[in-house]
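What follows is a single structure, written as structure tokens, with notes after it.
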Amino acid sequence: MATRLQAPRLLARAFSPIEHTYTARDTRLYALGVGFGADPLDAGQLNYVYGGADDETLLAVPTMANVLAYPGFWAREPDTGIDWQRVVHTEQEIVLHAPIPPWGRVIGTTRVRALWDKGPGKGALMLQQREVHDAATRQPLATVRQLTLLRGDGGFGPGASEGAPPAQHHLPERAPDAACDLATIPQAALIYRLSGDLNPLHADPAVAHAAGFDRPLLHGMATMGIAAHAVLRAVLAYDATRFAGMRVRFTAPVVPGDTLRTELWIDGKTVSLRTTALERGVVVLNNARVDLR
């Protein structure tokens, strides 16, 4: 069946700005959802989940940018022409223009930045971008980019974007300089979904079984947050001010309860990384990088 997607229409699609007010409680809940606080005696972790009686030392995990002013799963709206049931999230990137405040009011503006047609039966790639800024000061806080494989929408005809999708980040050809193991808990997905991603695939066993999985999966964005935690712990001594950006490629799902080992290659202000679910021997994030200030 021919795709209903029309590239010029999708590239020009208007998105309403989203205003998002979040509190210190939301910031702590996000941090708990990506594993901070697992060691309640670790002062570095506590600054993300406690922050003192008056929140004077509370910090936001840098990857919290992913959930700020999130537009939701808009691909399922009928005007997009996207075969939304065959969408696969392949890459995620954040660029931080300033540290994320531990509470505040932000505005996010989303657009479809590019579409690349892989051909009939081969799908297409869509790059969407969200700019997040402080609602009061208008200060830019983050740029969030998501690369998605539209498996059912190849061969849409004229209107594809010029150029090529972003090239993959290549890992150094040497042994990693460090590694960090972080355990996930069985209820990790149930906690993370409270930060805004309510897809039942991550909570309802019946939905997971219908999709071909034995049990609900952990959100890919949560896996990204756990890998960021590994960098903060192993490289930055939990100093979020040095975290300038992150890009990851999702290669396999995480099952809540997996232990995640993140291998790290440190080259100046670039930290390359790969994350593996140890018990299953599966690489879940690959060709990833964190940029430092």
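Yes/no per residue for (1) in contact with a helix residue (DSSP H, G or I) (Cβ under 8 Å, 6 or more places away or on another chain); (2) of a type in the set (A, V, I, L, M); (3) assigned by TED's automatic domain parsing to the domain that holds Leu273; (4) loosely packed, with under 12 Cβ neighbours inside 10 Å:
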{"site": "Pro166", "(1), (2), (3), (4)": "no, no, no, no"}
{"site": "His169", "(1), (2), (3), (4)": "no, no, no, no"}
{"site": "Asp214", "(1), (2), (3), (4)": "yes, no, yes, yes"}
{"site": "Ala227", "(1), (2), (3), (4)": "no, yes, yes, no"}
{"site": "Val235", "(1), (2), (3), (4)": "no, yes, yes, no"}
Hey, could you check region 68-88 for residues that are assigned to a helix (DSSP H, G or I) and not hydrophobic (A, V, I, L, M, F, W, C) and say which is nearest to Ala24 (Cα to Cα)? Arg76
Report yes if Gly163 is of a type in the set (Gly, Ala, Ser) and within 30 Å of Thr21 (Cβ to Cβ), otherwise no. no
Just checking, how many residues over region 134-150 are out of contact with any Asp or Glu (no Cβ under 8 Å at 6 or more places or on another chain) and exposed (fewer than 15 other Cβ atoms within 10 Å of the Cβ)? 4
Does any residue in region 252-264 that is within 19 Å of Leu236 (Cα to Cα) come within less than 9 Å, Cβ to Cβ, of a residue that is acidic (Asp, Glu) and part of a loop (DSSP other than H, G, I, E, B) six or more places away or on a different chain, and which pairs are these? Glu263/Asp177; Leu264/Asp177
Single residue of region 95-133 satisfying the filter (charged (D, E, K, R), over 20 Å from the mean Cα position of the chain (by Cα) and part of a strand (DSSP E or B)) that is surrounded by the fewest Cβ atoms within 10 Å (Cβ to Cβ): Arg105
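Within region 171-184, which residues are part of a loop (DSSP other than H, G, I, E, B) and surrounded by 14 or more Cβ atoms within 10 Å (Cβ to Cβ)?
At the first step, the residues of region 171-184 found to be part of a loop (DSSP other than H, G, I, E, B) are 171-177, 184.
Leu171, Pro176, Asp177, Thr184 - these are the residues of region 171-184 that are part of a loop (DSSP other than H, G, I, E, B) and surrounded by 14 or more Cβ atoms within 10 Å (Cβ to Cβ).
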Could you tell me which residue of region 164-189 is nearest to Pro256 (Cα to Cα), considering only residues that are out of contact with any Phe, Trp or Tyr (no Cβ under 8 Å at 6 or more places or on another chain) and without any contact (Cβ under 8 Å) to a residue 60 or more places away in the chain? Ala175
Taking the options Ala288, Ala230, name whichever one is touching a residue at least 40 places away in the same chain (Cβ under 8 Å) and under 23 Å from Asp42 (Cβ atoms). Ala230
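This table checks each residue for (1) at pLDDT below 95; (2) among the basic types (Lys, Arg); (3) at positive phi.
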residue: Phe213; (1), (2), (3): yes, no, no
residue: Leu232; (1), (2), (3): no, no, no
residue: Val282; (1), (2), (3): no, no, no
residue: Asn287; (1), (2), (3): no, no, yes
Scanning region 11-27 for residues that are surrounded by fewer than 22 Cβ atoms within 10 Å (Cβ to Cβ), touching a residue at least 12 places away in the same chain (Cβ under 8 Å) and either farther than 28 Å from Gly81 by Cβ or not assigned by TED's automatic domain parsing to the domain that holds Ala135 (or both) gives Thr21, Thr23, Ala24, Asp26
Across region 222-259, what is the total count of residues that are under 17 Å from Ala60 (Cα atoms), part of a strand (DSSP E or B) and among the hydroxyl-bearing types (Ser, Thr, Tyr)? 0
Residue tally, condition under 15 Å from Ala240 (Cβ atoms), of a type outside the set (S, T, N, Q) and either at pLDDT 95 or above or not assigned by TED's automatic domain parsing to the domain that holds Ala98 (or both), over region 51-67: 7
Which is in contact with a helix residue (DSSP H, G or I) (Cβ under 9 Å, 6 or more places away or on another chain), of a type outside the set (Lys, Arg) and more than 21 Å from Met64 (Cα to Cα), of Ala222, Ala252, Ala240, Ala208? Ala208
Test: residue in region 121-128 that is out of contact with any Gly (no Cβ under 6 Å at 6 or more places or on another chain), within 24 Å of Tyr238 (Cα to Cα) and touching a residue at least 24 places away in the same chain (Cβ under 8 Å): no
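Give the residue that is surrounded by the fewest Cβ atoms within 10 Å (Cβ to Cβ), with candidates limited to residues of region 262-273 that are touching a Lys or Arg at 6+ places or on another chain (Cβ under 9 Å) and in a strand (DSSP E or B).
Looking only at region 262-273, we keep the residues that are touching a Lys or Arg at 6+ places or on another chain (Cβ under 9 Å), and these are 262-265, 269-273.
Okay, now just the ones that are also in a strand (DSSP E or B), so 262-265, 270-273.
Working: Thr262: 26, Glu263: 19, Leu264: 21, Trp265: 18, Thr270: 13, Val271: 24, Ser272: 19, Leu273: 29.
Once the filter is applied, the top-ranked residue is Thr270.
The values are calculated or read from the model by the stated rules, or taken from the named source; none is laboratory data. These numbers were taken from a predicted model, which means no experiment stands behind them. In this analysis, Cβ positions are derived from the backbone assuming ideal geometry, glycine residues included, and neighbour counts consider all displayed protein chains.
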